[in-house]
Structures are given as C-alpha cells and as structure tokens.
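Structure record follows, encoded as structure tokens.
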Amino acid sequence: MKDNFKKAPFSAQIDLSKFSMQDFEKATDEEKRQQDVMGESTTFFKDGMRRLRRNPLAMLAIGILIALIIVIIFAPLVIPYGYADIMKGSANLHPFEYSASELKQIAKGESVFPHIFGTDSLGRDYFIRVIYGARVSLVVGIFASILVLMIGMLYGSISGYLGGRVDLVMMRIVDIIYSLPDMLLIILLAVVLNETLGSIIKGTIFAKLGTNMIALFIVFGLLYWVGMARLIRGQILTIKQNEYVLAAKCIGTSTSRTILKHILPNCLSVIIITTALQIPSAIFTESYLSFVGLGVSAPMPSLGSLANEARSGMMTYPERLLFPAFAICLIVLALNLLGDGLRDAFDPKLSR
Amino acid sequence: MSSENILEVSHLKQYFPVKNGFRTVPLKAVDDISFTIKPGETLGLVGESGCGKTTVGRTLLRLYQPTSGCIVFDGDVLYDSEKKIDVKMQPYRKQMQMVFQDPYSSLNPRMTVEDIIGEPLDVHKLYTSKGERHDKIMELMETVGLNAEHATRYAHEFSGGQRQRIGIARALAVDPKFIVCDEPVSALDVSIQAQVVNMFEDLQKQRGLSYLFIAHDLLVVQHISDRIAVMYLGHMMEIADADELMDNPIHPYTQSLLSAVPIPDPKTARKSQRIILEGDVPSPLKMPSGCPFRTRCRYATEQCACEMPPFTDRGNGHMVACWNK
C-alpha cells in the first residue's frame, strides 16, 4: 500500500510514508475511557446557584438578610426588655444613655442592659421596638408575597393553558380588578372589619395583629395577585408553544400533569424572581399603611408606625426616625439586590 | 372499508379560524385528503413548507380537532363527522405515537432522559414496580442506541442526533403500531440523518411498525417509503408507489418537485432540465378557484380554473388529481 501511494504536490494530506508503525502507539484503556466521559451533569437549579454565588452584590444581600433574620430571631431572647414594657423614669433617652434610677442600680453593682437605640417618649426600649417592627414587616412581606404567588399562579396557569374564551373572560376580570383603587379598599375594609371582626377576634393571635392587618392581607389576596397572574399567563402562553407540550398531549398526559410537570417547572425562574421582588413591594405597602395609621395596632410596633410616632420629636430625637427608616431601606435594598441577582442567575436571557 | 389497512383517512378537512380584520375566515390547512396505510408500510408525505403536511400528522393523532372527515385506525372509527363519532383518544394513544421535528424543543429541558422516556409508562401505568419501570427504560435506551449511563442526564447535554433518539425512545415506550414521523431528520446533519433513517427502518423490521413519514427531502423519503404522497396547499396531488412516482410522475407539481432534487453527479445534472415554477405559493386564505396549483401550472386550462380535478386512479394505485391526461 505504502509504495504505490503517490502524494499530490500541493496536497495538505499527511504523508504516511514518512511514518512507520513505531511512531504510533495504541491508546490505553484509560485514554479510551476518557473519550466517553461527559462533563458532570448539572441541573438547572445547580447551574443557577453557581451563577448566583459568583454575583458579589447578591451574596452581600444574602449575607445582610441572614444577619437580619438572626438578629430578629435571637435579639428578643437576649435583651431583657419587651416591646411593650414601659420603664418609669426612663423616657426619652438617647442611645446608650441611662436614666437616674438605672445609674443608681449600676452604682450598686447590678448590671443594666444598655438602651442601644435609646428609649421612646413612654420609656420603652427603642432597639427592641425596631427589632419587632422589622419582624412584622418581614413576616407581612413574605406571607403577602406567598399569598399573591399562590392565587396568581393558579389563576394565571389556568387562564394561559386553557386559552380561548376562558382566557378572554379571566383576563377581563383581571383588567377590572386592576382598575380598583387599592388604598381606598384597604381603608374601607379596615373600617368595616374593625366594627364586624373586632369583637370576634378578641383574645386570639389575630387581635395582636389587629383588624387593619387582616384588611391588608385580604386586599393583597383580592387585588395584588393580578400582576402575578398576568405574568404567569404570559409565560405559559410562550411555553405552551413548545413541542414538548404537544408531545405530552400525544402521550395522553392529563391537563393537570402537563401543567405541573411540563409548564410550571419551565416558568419557575420567572416565578422565583417575581416573588423575590414582590416581597419588598409588600413591605413598602405595609410600612406606608402603618405610617398613615392603618397598619398593626398598638402597642405592636411596625417600622412604618415607629417612623410615624417619631415625627413629633423629629428635631430633638432625629435618631428615632432614622433607625426604622434605615431598617426599611436595608431590608428593601437587600431584597431588591437578591431579586436582581436571582434574575441574572436564573434568567440569563433577561440580563444580557 | 376493509380492515386490512391500519389507517384509513377519508375526506379529512382541518380548517383553522383566522382573524382577518373584523371577520374570522377559515384557513384551509388540510382540505379533503384521503389515503390509507397498510400494516408494516411506510407512507412518505412530501410537499413544500406550509402545505399542511404537519397538520395532517397532528390531526390524525387528534392533537387538533378535525373540521370534518373520517379517521379509521385498525378497524376502529376514531372520528367520523357524518356519523358524529368522536371517541376518547386515551386508549389509542398507546397505539399511535409521534416523533417530532425539532429535537431541541420537543424534549422538556427540566426532565432527565429517564423521566422523558418513562412518562408514557407513567401515564398509561405500564409497570408494576419501580424496578420494572427502570428495566423498561434501559431496554428502550438500548434499542435506540443510547448508553445506560445517560439516563440521569438532561436533554440539553446531548447532540441533535442523540436527542432525536430520545424522542424516538419516548414514542416507542408504549409499544405503538403506528408512528407519525414529522420531519424527524430535517433538523439533523446529513451523516446523522442516515443513522436515524436506518434506525427507523430497523425498528420497522423488528416491530412491524407502520409509519407516516413526513419530510421535504425527496431522496430521504424515496429511501424509506413504500409509497409516496405529494401535497400542495392542503390538497393531495398524487399518491403512488415510491419507485413509480420517482420514475413516472404524472402531476406537473410532482414533476417540478422531482426536477429540483439535486443530482450528485455534475455530468447528469447538466443534462437534466429543471422545471422552474413561476410565482409564489398563493396564500391559503385566498385559495385559487378550481385546482389550487393552476396559478403556477404550465398546462393550466379553463377547466382547471372552474373545477377541482377528481382524485383518480391511473393504474396500479397511482392516484392523481389533475385534469391533464
């Protein structure tokens, strides 16, 4: 073979006649196996988390949130004051100041826990009030978002999947709800619920939150899901076009299984991102309502009501306004940064 | 109607409502199509883009609700608009399956290969234990030439050809008698096309499958099909045995299609004459009167503009819809 093979003068083909068998060596079994090895299998979730870990801002936000949650959970266990405990003679203290009676106790050798943020005009420790306020804000934000997510997801996925006339009617209902003034409804509901529910819930956990909070949740459940429903419907309309949905139909998969197994997992990224961005907006609404006096009922504090109370003494005690305002900013900023990070990590098409 | 055919389709129509300004007009995607498929046979379906090939396949499997016509599968009437028969498809989904065109969008990116192939088994409850499910999936993967270790991977980790094999394994999972292959090779490289087409042929021999093989590559269709059907604008133009159609096309549209097939030999190619059609395909919303092909046909006469030509047998089952003798 080697002898009667003549190479064309300009051919780029390797001239095998220059080599002999000794120049080649057989691939070992190890090398052969390496050809078969594929990269490590990554799931969608793992891939997204890897991208999220590379994002410094998002990691900072996660750090801040974790620190906040730890403080919110453990500070009330460490600090000996309650959010409603009124200490006589300790009113209107600046941060780390002690009242005359507390100074006496210290002189006696007893240890007194410092008022880190001072006290308010009634003599309640302000630090613990801000902590409880942040607790209320975060819990309201998270639960309101979950409520919005549940209703919006159910409604949006049914509307988007069924399409046609059902979709038309369901989306007109959404349009009508969109046009209702939310603040007006909250105020109206709060007034009505206060009269009807006020006596029923007395003595239960709901009483601590107050009828205003119940009104807020009802309004979130009634009105705020429409944005989420629209978004999920839009997602489902695009995912429905994929052939794998048709393939599922061809196999004989039921509608509910198709939605749960094929459609919702594929719009999961959008759902996670929107929920993460919904929390700060719910926190803002709660703070705003508490600020105008429609939030949680006293003595339970909320960041908004703390800021409202601080308005009267703003000139002499500016820190009382600054602390809750700063807490709101920190929580909302961290959640927004986390939401952006999640969007970049799980929906690369949107970010680039 | 005899039951020697696995599939009999007669006068099938599929219209889609399309909003045109304020009016809703029907888009006649498939208009009065009839054909039969025998057990173990492959019917190739060709035609240019947008002529309704895919719609035929999907309507057969009742993924769309047909406008009118009659579909008989294995002796059972699945749909008959005149006798108002409209059966539940769930039991028939086990016998009729589909392989999709785009191997990238036809596999759910959030599911592992094992779950994709296992889904038909789950839906039809074709196993008694987890172990049996796993064994069946492994057997299917081996049938289509995938490694067992690929089972836990996601679809996006595979090449186009491998993805198409996953799609075929999914269709085979329920052990069907009839598979609609909707352009299964047109998204693949030529070398991979050959592998996949050969696999279709092997599976047919092993399992006695019948195919409706939709494609626009005439050479691939000639290779795999026993008979070939030609469609134009939702109408059936010609049906004949594969070799008969290639050697002796009667309809002017089939003739022009065949003349456009590239010949891999420059000497022969220079001698052959291309029949070049004039104009564009008319919009399916504004169908020409009479024969849909008459606006581009060299032999069109006044009769063509008045009446749709009947689908007649020109001998040996060579059916043609053309006034031209």
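The values are calculated or read from the model by the stated rules, or taken from the named source; none is laboratory data. Bear in mind the structure is a predicted one, so any value in this text is a computation, not a measurement. Neighbour counts run over all protein chains shown; Cβ positions are idealised from the backbone, glycine included. The protein model used for the area step is the full one, side chains on, heavy atoms only, and it has no ligands, DNA or RNA in it. Shrake-Rupley method; radii C 1.70, N 1.55, O 1.52, S 1.80 Å.
A few points about this structure:
- Alpha-carbon radius of gyration plus Dmax, which is the widest Cα pair, for the stretch B:183-223 in Å: 10.1, 27
- Carbon plus sulfur fraction of accessible area for the protein assembly as shown, probe 1.4 Å, in percent: 59
- Note on the stretch A:205-325: Cα-only Rg and Dmax are 21.6, 73 Å.
- B versus A: buried accessible surface, summed, Å² (probe 1.4 Å, to nearest 100): 2400
- Within the stretch A:258-324, trypsin sites (Lys or Arg not before Pro) in DSSP loop having at most 11 other beta-carbon neighbours inside 10 Å: A:R311
- Label-reachable residues, the stretch B:202-220, where backbone N falls under 17 Å from a point 7 Å from B:D241's Cα toward its Cβ: none
- For B:L27, nonlocal amide neighbours, meaning residues 5 or more places apart or on other chains whose placed amide H falls under 5 Å from its own, are B:F16, B:V18.
- Neighbourhood charge, 13 Å Cβ-Cβ cut-off, centred on A:D125 and excluding it, Lys, Arg +1 and Asp, Glu -1: -1
- Charge sum, other residues only, whose C-beta stays under 13 Å from B:R58's C-beta, Lys/Arg counted +1 and Asp/Glu -1: 0
- Longest site-free stretch - chain A; sites: chymotrypsin sites (Phe, Trp or Tyr not before Pro), DSSP loop, at most 12 other Cβ within 10 Å: A:97-352
- Once both labels are positioned 7 Å from their Cα atoms along Cα-to-Cβ, the gap between B:E132 and B:S289 label points is 6.4 nm.
- Neighbour-limited loop hits for chymotrypsin sites (Phe, Trp or Tyr not before Pro), the stretch B:14-58 (at most 14 other Cβ within 10 Å; DSSP other than H, G, I, E, B): B:F22
- Cα gyration tensor, chain A - rounded (a/c under 1.5), prolate or oblate: oblate
- Spin-label pair A:Y98/A:F10, simplified geometry with 7 Å Cα→Cβ offset, distance in nm: 9.9
- Put simply, the amide H of B:M98, placed in the peptide plane, has neighbours under 5 Å in B:V180, leaving out anything fewer than 5 places away on its chain.
- Beta bridge orientation in the protein assembly as shown: antiparallel %, DSSP, nearest 5: 65
- Whether the protein assembly as shown is rounded, prolate or oblate, judged on the alpha carbon gyration tensor where a/c under 1.5 counts as rounded: prolate
- DSSP-loop GluC sites (Glu not before Pro) across the stretch A:52-147, with at most 14 other Cβ within 10 angstrom: A:E97, A:E110
- In this structure A:M314 has an accessible area near 80 Å², from a 1.4 Å probe over the protein heavy atoms.
- The simple Förster model, with R0 at 25 Å and r as the Cβ-Cβ distance, assigns A:Y178 and A:Y288 a FRET efficiency of 0.80.
- The stretch A:293-315 and the stretch B:252-315 have Cα centres spaced 82 Å apart.
- In this simple spin-label model, placing a label point 7 Å from the Cα along the Cα-to-Cβ direction at both B:K84 and A:M59 gives a separation of 7.0 nm.
- Residue of A:K32, A:K88, A:K249 that the Gaussian network model of chain A assigns the largest fluctuation, springs spanning Cα pairs under 10 Å: A:K32
- B:Y64 long-range amide H proximity, modeled H, under 5 Å: B:T59
- For the stretch A:254-296: rounded, prolate or oblate by the Cα gyration tensor [a/c cutoff 1.5]: prolate
- For chain A, the membrane-span-like helix rule (DSSP H, alpha carbon extent of at least 24 Å along the helix axis, mean Kyte-Doolittle at least 1.6) picks out A:56-78, A:126-162; this says nothing about an actual membrane.
- Near A:T258, once Lys and Arg are set to +1 and Asp and Glu to -1 for all other residues with Cβ below 15 Å from its Cβ, the sum equals +3.
- Rounded to the nearest 5, the antiparallel percentage of DSSP beta bridges internal to chain B is 65%.
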